[in-house]
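The values are calculated or read from the model by the stated rules, or taken from the named source; none is laboratory data. In this text the structure is predicted, and so the values were computed from the model without any measurement. Positions of Cβ are generated from backbone atoms using ideal geometry, with glycine treated the same way; all protein chains shown enter the neighbour counts. Heads up: the accessible areas ignore ligands, DNA and RNA and are worked out on the full protein's heavy atoms, side chains in. Shrake-Rupley method; radii C 1.70, N 1.55, O 1.52, S 1.80 Å.
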Amino acid sequence: GSVIYNYYTHTVKEPIQMENVQLTVNEGIATLVINRPKQLNALNKQTLAEISEAFESMRNDDGVKVVIMTGSGEKAFVAGADIKEFANFSGVQGSELAKTGHMTVFNSIEEFSKPVIAAINGFALGGGLELAMAAHVRIASDNARMGLPETSLGVIPGYGGTQRLPQLIGKGRALEMIFSAKMIDAATALNYGLVNAVVPQEALQATAENMALGFMKNSIVAMGYAVEAVNAGMLEGAIGYDVEVQAFGDCFETADFKEGTKAFLEKRKPEFPGS
Ligand code: DAK
């Protein structure tokens, strides 16, 4: 993939060529597409770096008013972190990557001063759901399925999922999703308040754009301050992110984690040793 800029309303000094994300800016609406369809848009390090770079390029670009994040194809938003890649991380690497990821991608999206809408067009699992939860608002297509399957791999959510899921849907529902590792469908996600709306897949992009246009009638500056204020209200629990990072790293040293990721890659059910 490559970056396509539409020069309708502005120019971007240096378009960045990227492998796994595609950024189109049209009439103030930036659409960022995670584009690794063969791996169901799974997040490897390269993709995360590119997402971070894309947001940095939009930060001070007055031509960008609202950002829509979505996945390429009709099957997945993002099916999680790239299991092939993270199966081999050590505990220290796990914590370090979690910390870097928090700062450069997930927190920076949550703190982005312009509205960020996630258009969830299919599976949003693990790191994929965490990415959608870092956005300010979520809309889903009716075929979307969401979950945090990490415990089925012997690990915990490591990109803010232990914090943002309970913030959005409450502690009991969040822990049920984390313990069961099961996916919920779009209707349940709507019922939980995890997404703001559910629409047929063919209407997803238009619905997100309409929402963006609605936001753009209002003050972008004021919305930036609103984001800051809403996020500040969550800070009391901010230490939870540090605990997540540490615990996430610890998981990588367990036999359960080694078995969990190995089983996925070998396409079989894990037999957790429980240590
Ligand atoms: N990573 C790598 N490859 C993936 C993938 C993933 N997460 N998800 C799918 N793929 C690949 C499949 O391996 C398959 O590749 P080939 O076998 O064709 O080479 C291809 O995408 C198509 O997938 P399937 O054949 O499995 O498609 P199905 O329709 O049968 O199933 C599915 C769709 C979404 C139910 C299934 O693909 C699935 O269960 N995917 C894995 C979901 C999952 O467990 N995701 C990971 C959750 S854990 C970290 C911080 C956070 C995290 C990690 C690290 N650090 C700070 C280091 C977060 C962890 C997670 O996200």
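Checked against (1) modelled with pLDDT under 95; (2) open to solvent by less than 30 Å² (accessible area, probe 1.4 Å); (3) not in a helix (DSSP H, G or I), Ser95 meets all criteria but (3).
Residues in segment 227-236 include none that are touching a residue at least 40 places away in the same chain (Cβ under 8 Å), more than 21 Å from the chain's Cα centre (by Cα) and surrounded by fewer than 18 Cβ atoms within 10 Å (Cβ to Cβ).
The listed residues are Leu175, Leu213, Leu165, Leu204, and the only one of them that is more than 16 Å from the ligand (Cβ to nearest atom), open to solvent by less than 30 Å² (accessible area, probe 1.4 Å) and in a helix (DSSP H, G or I) turns out to be Leu204. For Val78, state whether it is at pLDDT 95 or above, within 11 Å of the ligand (Cβ to nearest atom), under 21 Å from Val137 (Cα atoms) and not basic (Lys, Arg). Judged against the criteria, Val78 is a match. Name the single residue, out of those in segment 90-104 being more than 10 Å from the ligand (Cβ to nearest atom) and of a type in the set (Val, Ile, Thr), that is farthest from Leu48 (Cα to Cα). Checked segment 90-104; the qualifying residue farthest from Leu48 (Cα to Cα) is Val92.
Residue by residue, here is whether (1) assigned to a helix (DSSP H, G or I); (2) in contact (Cβ under 8 Å) with a residue 24 or more places away in the chain; (3) under 15 Å from Glu209 (Cα atoms) holds:
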position: Ala30; (1), (2), (3): no, yes, yes
position: Val33; (1), (2), (3): no, yes, yes
position: Asn41; (1), (2), (3): no, yes, no
position: Leu48; (1), (2), (3): yes, yes, no
position: Ile51; (1), (2), (3): yes, yes, no
position: Ala54; (1), (2), (3): yes, yes, no
position: Met58; (1), (2), (3): yes, yes, no
position: Gly63; (1), (2), (3): no, yes, no
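Within segment 73-86, being touching a residue at least 60 places away in the same chain (Cβ under 8 Å) and open to solvent by 10 Å² or more (accessible area, probe 1.4 Å) holds for Glu74, Ala81, Ile83, Lys84, Phe86.
Residue count for segment 134-161 satisfying the condition of being open to solvent by less than 10 Å² (accessible area, probe 1.4 Å), among the hydrophobic types (A, V, I, L, M, F, W, C), touching a Gly at 6+ places or on another chain (Cβ under 8 Å) and within 27 Å of Ile239 (Cβ to Cβ): 3.
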